[in-house]
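These notes concern the structure reproduced below.
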Amino acid sequence: MLKYRLRRRAYVLNEQHHRVMHSPVTGGAILIICAFIAIILANLSATKDIFHHFWTLEFTIGFEGFNLTKSIEEWINDGLMVIFFFVVGLEIKREIIAGQLSTRKQASLPIAAAIGGMLFPALIYLIFNAGEPTESGWGIPMATDIAFALGVLSIMGDRVPISLKVFLAALAIADDLGAIIVIALFYSSHIDWNMIVAALFTLAFLVILNIFNVRKIKYYIIPSVLLWVLFLNSGIHATIAGVIIAMTLPTKPRFNKKYFLYKTRYFAKCFQYEDKQGLEILSNEEQHECLQSIRKIASNSISLSQRLEYALHHSITFIIMPLFALANAGVKINFSGIGDLINNETLGIFFGLVVGKPLGIFLLCWITIKTRLCSMPTSATWFNIFAVACLGGIGFTMSVFIDNLAFTDPNMIATGKVAILIASITSGVLGWNMINLAHKKSGRHFPKYK
């Protein structure tokens with residue numbers, strides 16, 4: 001009995017650990033912590049000089065005749081963030097093929113909401129900044145941070161209908177796709193067409209690998225790195241390469257479900273047949289071969305894109321995004337001149353995210369539902385939709401990324417980051433309170449979304 005209880009307890013702990021490690025709450029919490037650590041270190045008199053100097057240190061990767069030299073901050077923004085965009089590309093592709101964006105009926109509402117949630121913030125920003133040196137920052141308030149937004153919504157538990165959690169996830173994916181298009185079209189420098197042509201040939205090679213059903217990642221690594229280098233020198237931002245690479249990876253597994261079930265049952269019976277009393281698996285060669293066969297069949301029943309998306313999750317959550325936050329959120333704040341922070345740039349970003357995002361999302365939802373182009377999410381009310389739309393104003397990761405691309409003046413970049421942080425916190429608090437208010441008005445509880 002004790003042995004059974006210990007095994008049961010271990011299983012429960014393992015399940016809890018798995019949920020925590022893959023929860024959007026975890027990713028959002030780590031981002032918040034790292035952002036605040038960066039702000040503190042950037043403003044403490046004892047650490048600010050060392051902190052800012054550290055990110056400017058340069059190091060070289062490669063060998064003589066073929067190497068890249070960049071600062072630590074640039075390696076994070078142009079290098080590690082490619083992996084982040086690669087995973088975003090995998091998520092977008094999955095949703096388009098088999099997820100919430102796979103049919104017109106499923107995709108129409110979140111795509112319409114994402115369009116509204118991008119146009120209105122950009123227009124509000126331009127109202128404040130049209131004709132100003134800061135005009136190029138119109139793309140900053142267009143983005144929603146999926147980790148933060150879903151993290152806040154997940155904390156709300158059964159106070160929000162599952163349909164709205166699915167809606168926000170699909171909206172954030174569509175929003176990411178829109179942000180990627182904006183970066184590619186409007187935040188790229190002078191185009192080197194020789195590099196673009198070479199990149200197209202490399203891309204064609206990756207597509208050919210997919211067409212011929214090459215499912216081993218080792219064949220994709222070298223052309224993928226080459227494509228990144230070509231984009232890095234082409235004038236189109238290098239992170240776009242991550243999304244393009246993701247689109248070329250095969251989504252069809254080698255074995256289908258029927259074959260998987262048949263073969264695993266067969267080898268499970270073989271495993272049971274080869275069982276020898278008192279002999280552990282380590283010493284039982286026949287059983288060991290059965291398990292290896294099951295492992296290979298299971299691995300080949302998952303597509304390459306799914307395996308990579310799952311495998312890179314922890315690296316994104318616990319390494320890449322925390323490093324991005326530490327490198328980019330550490331802005332110097334002059335508390336004696338706090339009034340200097342109130343200018344056209346900060347007002348455009350703040351009102352773009354806090355007002356433009358929920359207004360654009362809600363208005364496009366209202367228009368498409370009222371005209372019967374889309375249907376209302378199950379168990380949702382208009383108040384629910386507006387409350388969730390408020391969370392769309394949380395724009396930390398993508399907004400900070402675009403802020404780095406939009407300006408060359410360090411003061412404008414720093415001011416933009418402060419505005420993004422303030423607006424994202426305000427949107428999170430506003431969304432939280434609106435959801436609680438909606439819950440109090442209805443008094444309803446909904447099944448939990450896992």
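The values are calculated or read from the model by the stated rules, or taken from the named source; none is laboratory data. Everything numeric here is computed off the predicted structure, so don't read it as measured data. Methodologically, a virtual Cβ is constructed for each residue, glycine included, from the backbone with ideal geometry; neighbour enumeration extends over all protein chains shown. When the accessible area is computed, the model is the full protein with side chains, heavy atoms only, and any ligands, DNA or RNA have been set aside. Shrake-Rupley method; radii C 1.70, N 1.55, O 1.52, S 1.80 Å.
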- Query: Do you know which residues across region 62-99 are more than 19 Å from the chain's Cα centre (by Cα) and β-branched (Val, Ile, Thr)?
  - Reply: THR69, ILE72
- Considering (1) within 23 Å of MET81 (Cα to Cα); (2) assigned to a helix (DSSP H, G or I); (3) open to solvent by less than 40 Å² (accessible area, probe 1.4 Å), say which one CYS270 fails and leave the rest. (1)
- Task: Output yes when any residue across region 118-133 is loosely packed, with under 15 Cβ neighbours inside 10 Å and farther than 24 Å from SER188 by Cα, and no when none is.
- Result: no
- Identify the residue in region 359-390 that is in a loop (DSSP other than H, G, I, E, B) and either charged (D, E, K, R) or closer than 20 Å to THR144 by Cβ (or both) and, among all such residues, is most open to solvent (accessible area, probe 1.4 Å). ARG372
- Item | Selection count, region 140-169, where residues are farther than 26 Å from LYS417 by Cα and touching a helix residue (DSSP H, G or I) at 6+ places or on another chain (Cβ under 7 Å) | 7
- Message: For region 179-223, which positions are assigned to a loop (DSSP other than H, G, I, E, B), aliphatic (A, V, I, L, M) and either at pLDDT 90 or above or closer than 22 Å to ILE83 by Cβ (or both)?
- Response: VAL214, ILE217
- Boolean, ILE32 is within 23 Å of the chain's Cα centre (by Cα) and either modelled with pLDDT of 80 or more or surrounded by 13 or more Cβ atoms within 10 Å (Cβ to Cβ) (or both): yes
- Within region 320-342, can one find any residue that is in a helix (DSSP H, G or I), of a type outside the set (Gly, Ala, Ser) and touching a Gly at 6+ places or on another chain (Cβ under 8 Å)? yes
- Task: Can you give me the number of residues within region 39-55 that are open to solvent by 60 Å² or more (accessible area, probe 1.4 Å), in a helix (DSSP H, G or I) and either over 20 Å from VAL418 (Cβ atoms) or touching a helix residue (DSSP H, G or I) at 6+ places or on another chain (Cβ under 6 Å) (or both)?
- Result: 4
- Message: Which count do you get for residues in region 157-183 that are open to solvent by 10 Å² or more (accessible area, probe 1.4 Å) and in contact with a His (Cβ under 7 Å, 6 or more places away or on another chain)?
- Response: 2
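Rundown of residues vs (1) surrounded by 17 or more Cβ atoms within 10 Å (Cβ to Cβ); (2) of a type in the set (Phe, Trp, Tyr), yes/no style:
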{"residue": "PHE66", "(1), (2)": "no, yes"}
{"residue": "PHE84", "(1), (2)": "yes, yes"}
{"residue": "LEU90", "(1), (2)": "yes, no"}
{"residue": "ILE96", "(1), (2)": "yes, no"}
{"residue": "ALA112", "(1), (2)": "yes, no"}
{"residue": "GLY116", "(1), (2)": "yes, no"}
{"residue": "ILE155", "(1), (2)": "no, no"}
- Name the pairs whose Cβ atoms lie under 7 Å apart, with the first residue in region 125-140 and closer than 17 Å to ASN404 by Cβ, the second polar (S, T, N, Q) and crowded, with 24+ Cβ neighbours inside 10 Å, and 6 or more positions between them or separate chains? ILE140/SER399
- Task: Quickly run through region 287-310 and pick out the residues that are open to solvent by 50 Å² or more (accessible area, probe 1.4 Å) and not in a helix (DSSP H, G or I).
- Result: ILE302
- From GLY393, GLY416, GLY356, GLY428, grab the single residue that is in contact (Cβ under 8 Å) with a residue 12 or more places away in the chain, within 29 Å of ASN77 (Cβ to Cβ), assigned to a helix (DSSP H, G or I) and touching a Pro at 6+ places or on another chain (Cβ under 7 Å). GLY356
- Query: Any idea which residue in region 197-208 is nearest to GLY235 (Cα to Cα), counting only those that are under 26 Å from the mean Cα position of the chain (by Cα) and in contact (Cβ under 8 Å) with a residue 12 or more places away in the chain?
  - Reply: ALA199
